[in-house]
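*Asks:* Below: one structure in structure tokens.
The values are calculated or read from the model by the stated rules, or taken from the named source; none is laboratory data. In this text the structure is predicted, and so the values were computed from the model without any measurement. Note that each Cβ is placed from the backbone with ideal geometry, even for glycine, and that neighbours are counted across all protein chains shown. Side chains are part of the model used for accessible areas, which takes the heavy atoms of the whole protein and leaves out ligands, DNA and RNA. Shrake-Rupley method; radii C 1.70, N 1.55, O 1.52, S 1.80 Å.
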Amino acid sequence: MTDTTSNKMWGGRFAAGPDAIMEAINASISFDKRMAAQDIAGSRAHAAMLAATGIISDNDAQAIREGLLTILSEIEEGRFEFSAALEDIHMNVEARLKEVIGEPAGRLHTGRSRNDQVATDFKLWTRDQLDAFDAGLVALIHALLGQAEAGADWVMPGFTHLQTAQPVTWGHHMMAYVEMFGRDLSRVRDARARMNESPLGAAALAGTSFPIDREMTAQALGFDRPAANSLDAVSDRDFALEFLSCASICAMHLSRFAEELVIWSSAQFRFVALSDRFSTGSSIMPQKKNPDAAELIRAKVGRIFGANTALMMVMKGLPLAYSKDMQEDKEQVFDAADNLMLALAAMEGMVRDMTAQRDNLSAAAGSGFSTATDLADWLVRVLGLPFRDAHHVTGTLVGIAEKAGCDLPDLTLAQMQAVHPGITQGVFDVLGVENSVNSRMSYGGTAPAQVRDQIDRWKEKLA
């Protein structure tokens, strides 16, 4: 492929080519070559439309189509020579097309601009990433459902402030993350539906005088419709910002889960055992098994948040329509997409492979007076005490048990009646952790029956 010192794509207005510094700051081919498949798909759709509307001949359209397929093969096989002097993927493809097919290549750009071309390429690329994001979330949710189903009735401590609060079930905890990542899935699908309008045919900013058929190109590229305003079509990067916003929220969720896995896999907790595939050892401490995958997932959120903020700053002061600042949109999105998909895949693998330590979970579930709320509820429900009075009685009994070095179920009936004479033997029916979780039958509660209902609901939803 022939390099050039003067960029002929700019036309006769510029006699001399850019110097090395201008070329370095102006060129984007080092990163936007990732959009080669989308660029060629957009050009093929545009050429077919130009022929269908009589703007170019069928023969020229056929030559363009075959030339573009040749170029795509060269790129996919690693035989294409990208040139920084040609700035971007669009010019690199068009220059090579001229080498391959000659004069008809010059007709491809009729009725369009690099402004609508890059907007279309970037939308197509981002849409592909949203589809991959969707698939990654579905896979992770299925992994969580598998864990929830296996441990729907396994008791474990539930925490607030990272202090033991009330017993819950392993299945209930896993289903909390299903709901969390389910909201991410909803956001991704919502963003995809909103962004699925084609910029192609908006040209530089004002549309074109050629009798193009924007519905045809939109349909050919899988868009729902053409974008309704040419100024907005080339100016819009909301689709990229929405992708980064969805990615940021999801990365935050992944980070929260990763934090719990780091804590749970520690020697102090021993709630889960992570597989060797997602752990590493220490260079000097042979006993160590470090949850490095979880820690790296926890760190990825910084890069993804940063990309979101960076693109917001790029876009915040731009007038309509296109400004060269918008060349700075892609690297942020590319990096965020790469790191998000890696984090999702790693989390799915960890969840599928990890083993919940049921005995350790059960032993921890009864610690820290986790059934104190059950006792207070019993006092309200059975003895008719106002909740604040029941809270006070329960707090007193917790203090007695703490001094005695035992848990609430270990107190005698006499000790309890010394605090409130109305307490009966029936109180012990609610003090065990199994009784506690089984009693939480309100919708969305931790009772195993409720957990299984929610698992079934999600399986049906995903099916």
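*Asks:* Region 296-357: Rg/Rh from Cα coordinates, Kirkwood Rh?
*Replies:* That ratio equals 1.21.
*Asks:* Another question, if that's okay. At what distance in nm do the modelled label points of Ala404 and Ala52 sit from each other, each positioned 7 Å from its Cα along Cα→Cβ?
*Replies:* 8.2
*Asks:* Using a 1.4 Å probe, what is the accessible area per residue for the chain, in Å²?
*Replies:* 46
*Asks:* Taking trypsin sites (Lys or Arg not before Pro) that fall in a DSSP loop and have at most 13 other Cβ atoms within 10 Å as cut points, what is the longest piece of the chain between them?
*Replies:* Longest site-free region, per DSSP loop and neighbour criteria: 80-287.
*Asks:* Amide H to amide H under 5 Å from Asn290: which residues, 5+ apart in sequence or cross-chain, H placed 1.01 Å off N in plane?
*Replies:* Thr280, Gly281
*Asks:* By accessible area of protein heavy atoms, probe 1.4 Å, what ranking do Met350, Met216, Met315, Met441 get, highest first?
*Replies:* Met441, Met216, Met315, Met350
*Asks:* Give the lysines whose C-alpha is closer than 25 Å to that of Lys98, dropping any in the same chain fewer than 8 places away, or say none.
*Replies:* Those lysines meeting the cut-off are Lys8, Lys33.
*Asks:* With axes computed from alpha carbons, what is the tilt in degrees of helix 238-264 against the longest principal axis of the chain, rounded to the nearest 10 within 0 to 90?
*Replies:* That helix lies at roughly 30 degrees to the long axis.
*Asks:* When averaged across all projection directions, what area in nm² does the alpha-carbon convex hull of region 114-362 cover?
*Replies:* Directional mean of the projected Cα hull area for region 114-362 stands at 16.0 nm².
*Asks:* Under 5 Å between amide H atoms, partner at least 5 residues away or on a different chain: which partners does Val272 have, H built in plane at 1.01 Å?
*Replies:* Ser265, Gln357
*Asks:* Among Ile25, Ile89, Ile263, what's the order by accessible area (1.4 angstrom probe), most exposed first?
*Replies:* My answer, sorted largest first, is Ile25, Ile263, Ile89.
*Asks:* Output the 0 to 90 degree angle, nearest 10, between the alpha-carbon long axis of helix 170-195 and the longest principal axis computed from the alpha carbons of the chain.
*Replies:* 20
*Asks:* So which chymotrypsin sites (Phe, Trp or Tyr not before Pro) in region 127-190 end up in coil per DSSP with only 10 or fewer other C-beta atoms within 10 Å?
*Replies:* Qualifying residues, ordered by number: none.
*Asks:* Another question about this same structure. When the Karplus curve 6.51 cos²θ - 1.76 cosθ + 1.60 is applied with θ = phi - 60°, which whole-Hz ³J(HN,Hα) does each residue of region 125-138 get, with x for Gly and Pro?
*Replies:* 5, 5, 4, 4, 5, 5, 5, 5, 4, 4, 5, x, 5, 4
*Asks:* Would you kindly work out the equivalent ellipsoid of region 42-132 from its C-alpha gyration tensor and give its semi-axes, the square roots of five times the eigenvalues, largest first in whole Å?
*Replies:* Rounded to whole Å, the semi-axes are 21, 18, 13.
*Asks:* Here is a follow-up. FRET efficiency for Phe31 and Ser186, Cβ-Cβ distance as r, R0 = 30 Å, nearest 0.05?
*Replies:* Calculated value: 0.50.
*Asks:* Report, in deg cm²/dmol and to the nearest 500, the calculated mean residue ellipticity at 222 nm for the chain, where each DSSP H run with n ≥ 4 adds -39500 (n - 2.57) and the sum is divided by the residue count.
*Replies:* Roughly -20000 deg cm²/dmol at 222 nm, from the helical runs in the chain.
*Asks:* Short version: ³J(HN,Hα) in whole Hz for each residue of region 196-208, in order, from phi by Karplus 6.51 cos²θ - 1.76 cosθ + 1.60 (θ = phi - 60°), x for Gly and Pro, what are they?
*Replies:* 7, 10, 8, x, 4, x, 6, 6, 5, 5, 10, x, 9
*Asks:* Roughly how many debye, to the nearest 20, is the charge dipole of the chain about its Cα centre, given +1 on each Lys and Arg Cβ, -1 on each Asp and Glu Cβ, and no other charges?
*Replies:* Around 560 debye, computed over the chain.
*Asks:* Under a plain spin-label model, where a point goes 7 Å from the Cα along Cα-to-Cβ, how far apart in nm are Arg225 and Glu76?
*Replies:* Taking the simple label geometry, Arg225 and Glu76 are separated by 3.4 nm.
*Asks:* In whole angstrom, and with the biggest value first, how far do the Cα coordinates of region 164-270 range along each principal axis?
*Replies:* Computed over region 164-270, the largest-to-smallest principal extents equal 71, 20, 20 Å.
*Asks:* Can you pull a Stokes-Einstein diffusion coefficient for the chain at 25 °C (0.890 mPa s), Rh from Kirkwood over Cα pairs, as a whole number of µm²/s?
*Replies:* 93
*Asks:* Mean 1/r over all different Cα pairs, inverted: what Kirkwood radius does region 348-463 give, in Å?
*Replies:* 16.2 Å is the Kirkwood radius here.
*Asks:* Right, something else. Just how large is the dipole of region 364-462 about the Cα centre, in debye to the nearest 20, putting +1 at every Lys and Arg Cβ and -1 at every Asp and Glu Cβ?
*Replies:* Using Cβ point charges on Lys, Arg, Asp and Glu, region 364-462 gives about 280 debye.
*Asks:* Here is a follow-up. So how far apart, in nm, are the two label points at Met341 and Leu296 if each is 7 Å from Cα heading toward Cβ?
*Replies:* It works out to 1.6 nm between the two label points.
*Asks:* On to the next question. Relative contact order for the chain: what percent, with Cα pairs under 8 Å and sequence separation of 6 or more?
*Replies:* 16
*Asks:* Of Ala233, Met252, Phe159, which is farthest towards the positive pole of region 114-362's charge dipole, taken about the Cα centre with +1 and -1 on the beta-carbons of Lys, Arg and Asp, Glu respectively?
*Replies:* So the residue furthest toward the plus end is Phe159.
*Asks:* Quick one: 3J(HN,Hα) in Hz for region 357-366, Karplus 6.51/-1.76/1.60 with θ = phi - 60°, rounded, Gly and Pro as x.
*Replies:* Going residue by residue, I get 8, 4, 5, 5, 4, 5, 4, 6, 4, x Hz, with x marking Gly and Pro.
*Asks:* So, taking all protein chains as they sit and a 1.4 Å probe, how much accessible area belongs to Ile55, in Å² rounded to tens?
*Replies:* 40
*Asks:* Report the far tail of the P(r) of region 235-348, meaning the percent of Cα-Cα pairs longer than 17 Å.
*Replies:* That tail contains 59 percent of the Cα-Cα pairs.
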